[in-house]
Structures are given as C-alpha cells and as structure tokens.
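Any read-out appearing in this document is the output of simple, stated calculations on the displayed coordinates, not a laboratory observation. Worth saying up front: this structure is predicted, and the values here are computed from it rather than measured. Here the Cβ positions follow ideal geometry from the backbone for every residue, glycine too, while neighbour counts run over all protein chains shown.
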Amino acid sequence: MNDLGLHKEEILRMTSEMSSESKDGKGSLTLKKFPSDGTTIPMIKAYLRKLIAQGMRPDIVLLDYIDCVVPSKHYDDVNVGEGAIMRQFESMLAELDIAGWTAVQGNRSSIKAEIVEADQMSGSIKKGMIGHFIVSIAKTLDQKEAGTATMAILKSRFGHDGLIFPDIIFDNSRIQIEMGENKKGARTQLEYKQDVKDDSQARINSIFDARKLKDEIVNGVSLTQ
C-alpha cells in the first residue's frame, strides 16, 4: 500500500486490463437508499445477498454512514449498541468477501480542529477499535473557502499510520478529492508541528517587515540608493 505511488504506470496498466476483461469495459455502480431510521446490518446484508444472487457481486460497499444504522436488537447502553453494529458490519464484509468503507462524524471538539484525532470520534470508541483502516478529514474555515482539507491516517493494520496530508484537494461542490497534489506530501506529527511553527514564524516576520516598511515610508527614508 505504501509503495503504490512508486508503481503508478504499472497500476494504471493493470487496472486498464482488468477493466477491459469485463463485459463492456467498465465497472458498475449501484446506489441504494435505505430509510434513515430503522435500517439494520441484517437488512443491508439481505440486500447484498440479493444482488449476488442476481449475478452482481460488489467489490466494495460504501455505507454512508454507519451512525444511521440501528442495532438489530435492543441495548440499554448506546455505546454497546454502536460497537455491536460495527462488529456486524465487519462480519458481513468478511462473510461476503467484500471490502467496506463507512463514515462517522466527529464530536464537538473536532469542529474547529486542524487535525481530527481518534479521540474526537463521536459515539463509541469501539468503532475505531474494530476498524482496520481509519482516516480523518479536517477543514478549517480557510480550507473550506479554498476547497482543501487536512487528511490524517489514524490507524492502519496493513501499512504506516500517523501520517498527515495537509491541504489536499477536497472540494465538496465538485465532488473532487485529490491527495496527490498537496504541497508538502505526507508528514509525520513532528514534521507537521514544525511546519505549523515555521508558518507561524513566517507570518510574524511578514508583519514585522510590513511595519518596518511603513516606518521607513513615514519617516521619509529612501528605499533605493
């Protein structure tokens, strides 16, 4: 996974060959809307089994989002119920041999965070404990305006984690996400903190330079010889 970027041409060639082997040279996307209340993992599993029986076996399932799924049985503790849902989701994917992605919201402390960390996940922490690969997306007001975001790999059971990708393209209006063109590439936590410190110092220096220039102009000092 960490070396995919080093073999871009080979990956493009292989995906092209795999695509040409299908019936029409393209994949297919099936959208299914479930009720936002009352939907359980067994209901989703039954739908996937129906697709498979009809000859359409999904390679990946995108569930948007798992906080809308309710437990298949009653739990007095909400957090226990959320953990059970996530475990059912994992078991369903393993049984059907399908990859799965889902999303969860952040808690209040994540709203203004420059980096959303694991402890800022809403609800039960068991969702993070069960997940095999977890990324977070944080957007400041400036990033929302610029159509960018900061992505962090919080957990990975099959590669490096703790990596931060600042200012990736994340434009909701165009449904465009691109992490290959970010300015600095993957950063560790220490590197990211140093970048923030350097940027802060650069802003301070620019303020002092602007003040110095203003004083020179006000005092009538020639800027050129």
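Would you work out the relative contact order for the stretch 68-225, in percent, from Cα pairs under 8 angstrom that are 6 or more residues apart?
12
As a footprinting exposure proxy, order I175, I41 by other Cβ within 10 Å, with the fewest listed first.
Final ranking by Cβ density, sparse to dense: I175, I41.
Pull out the extension gain between L29 and S16, defined as 0.36 nm times the separation in residues minus the alpha carbon to alpha carbon distance; nm, one decimal.
2.9 nm
Here are some pairs, K8/K50; K112/K197; K33/K73; K139/K212; K155/K193; which of them have Cα atoms lying more than 24 Å apart in this structure?
K8/K50; K139/K212
Given 0.36 nm per residue, what is the gain on full extension from N219 to I204 after removing their alpha carbon distance, in nm?
Value of the extension gain: 3.1 nm.
If you take semi-axes √(5λ) of the Cα gyration tensor in Å from the coordinates, which of (i) 28, 22, 18; (ii) 44, 24, 16; (iii) 30, 22, 17 do you get?
Matching the structure shown: (ii).
Hey, fewest Cβ within 10 Å first, where do E82, E178 land in order?
The fewest-first ordering by Cβ neighbours comes to E178, E82.
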